[in-house]
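One structure below.
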Amino acid sequence: MSAPHTPQQAAGLRTLALRKNEDRRLNAGHLWIFSNEVDVAKTPLTGFAPGECARVESSQGRPLGSAYVNPGALIAGRVYCQDATRPLDAELLRSRLRAALSLREDLYAAPYYRLVFGEADRLPGLVVDRFGEVLAVQIGTAGMERLRADIVAILGELLSPAGILLKNDLPGRELEGLARGVEVAAGDVPEDAVIEENGCRFTFPLAGGQKTGWFYDMRETRAMAASLSAGRQVLDVFSYAGGLGIACAHAGAERAVCLDASGVALSYAAKSAELSGVADRVEILEADALAGLKELRAQGRRFGLVSVDPPAFVKRRKDMEKGLAAYRTANRLALELVEDGGFLIACSCSQHVGRDDLRKVLAGAARDAGVRLSIVRQCHQAADHPIHPAMPETEYLKGFLCRVTRPGKGL
């Protein structure tokens, strides 16, 4: 039996060895290494500095790729290259950023999109949103934190933005041992951004906004909703800055109600309605979502299209039962407001909630509301949020477009 040893130099990188049979996910293309998969007798995690690059090997010594390591995190390693000798440096970063930009330029004519989506762009731990001349960057891991200066510099080289905002206030940084904060990294960053989407103009806060400021992942679902909205009353629940409701009003909805608990977010929805020329057909309703739905029901309101796109109700697997119950309640209340022959759009951005989980939630909500549902289309995250085929974690947004019918007595 060989003696335990510390990480060794291998082509400039020290070795991270996996336990027996713990290489199966990586062989299938997955990019995460959990701390309990590491053979700490051979290669103690404590031997690595947070963010250090390493050569990953199977228990038999077969090279599996290169990963950066964080000894204090549950996800102890994130593979960034199949070449087991390749450090994650400015050259590789530049190549990956160029490839990500090329994809978005093929997909979109205007510079309004998610430019980098972490693992799906082979840049684990990095998210970049492009808002015209301004970039919002989120660095979520110690490995990417080491490249902070290079990320800012290379984005400047490739795009010459007016400003780059580091929106590093995401909770996941604490799990990586990183401080949270928001700062301007380059140039001038305005308080608010203005973008164009689906023929509309939207404004929203940058430093003070949710996530990076805008939810590009719902772009195609918003376009679908708009295509169904002409002549209808539309209700946009969990509206944030009004993306779906305003798109529907612009497409000919008779009226669009934007419902959200945040008065700040709704103030931007009102500004966006003005920018898009539909303020006369957009109604702002500030209320907790469930309370607002009950209020609309008490008023006898009915809508031809209702969208329910809440924040993640299931942030951890142990929250599943409670979270699914919350989805069911929200969708049941929404269904009670949909007119006969109208539509419900129900979405979930909870990574732990699968598409089948959401389908079962809707079946239960329909029974509770006494209506019938026909699923006519499935909703997905937009194309600027590509899916890594070996990582189901990157397919986090799911949804359904449902036809709602109210059966008559005896039918």
task = Go through the residues of region 156-164 one by one and say whether even a single one is of a type in the set (Ser, Thr, Tyr) and part of a helix (DSSP H, G or I).
result = no
key: Yes/no for VAL152 being in a helix (DSSP H, G or I), touching a strand residue (DSSP E or B) at 6+ places or on another chain (Cβ under 9 Å) and at pLDDT 95 or above   = yes
request  = Identify the residue in region 370-385 that is out of contact with any strand residue (DSSP E or B) (no Cβ under 6 Å at 6 or more places or on another chain) and part of a loop (DSSP other than H, G, I, E, B) and, among all such residues, is surrounded by the most Cβ atoms within 10 Å (Cβ to Cβ).
outcome  = GLN381
remark   = Taking region 154-177 and the residues there that are of a type outside the set (D, E, K, R) and free of Cβ contacts under 8 Å to residues at least 24 places away in the same chain, the one that is nearest to GLN210 (Cα to Cα) would be PRO171
inquiry  = Out of ARG359, ARG301, ARG367, I need the residue that is surrounded by fewer than 19 Cβ atoms within 10 Å (Cβ to Cβ), not hydroxyl-bearing (Ser, Thr, Tyr) and not in a helix (DSSP H, G or I). Which one?
reply    = ARG301
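Out of VAL152, VAL56, VAL134, VAL127, I need the residue that is β-branched (Val, Ile, Thr) and assigned by TED's automatic domain parsing to the domain that holds ASN21. Which one?
Details: VAL152 fails: assigned by TED's automatic domain parsing to the domain that holds ASN21; VAL134 fails: assigned by TED's automatic domain parsing to the domain that holds ASN21; VAL127 fails: assigned by TED's automatic domain parsing to the domain that holds ASN21.
Criteria check complete, one pass: VAL56.
Which of the strands (runs of 3 or more DSSP E) contained wholly in region 178-263 include at least 1 residues that are aromatic (Phe, Trp, Tyr) and in contact (Cβ under 8 Å) with a residue 60 or more places away in the chain?
Details: elements: 181-187, 192-197, 200-205, 233-237, 255-260.
Per the criteria, 200-205.
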ask   = Does region 297-313 include one or more residues that are under 23 Å from VAL404 (Cα atoms), of a type outside the set (Phe, Trp, Tyr) and in contact with a Lys or Arg (Cβ under 6 Å, 6 or more places away or on another chain)?
value = yes
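The values are calculated or read from the model by the stated rules, or taken from the named source; none is laboratory data. A quick note: this is a predicted structure, and the numbers were derived from the prediction, not measured. Neighbour counts are summed over all protein chains in view; Cβ atoms, including those assigned to glycine, are modelled from backbone coordinates with ideal geometry.
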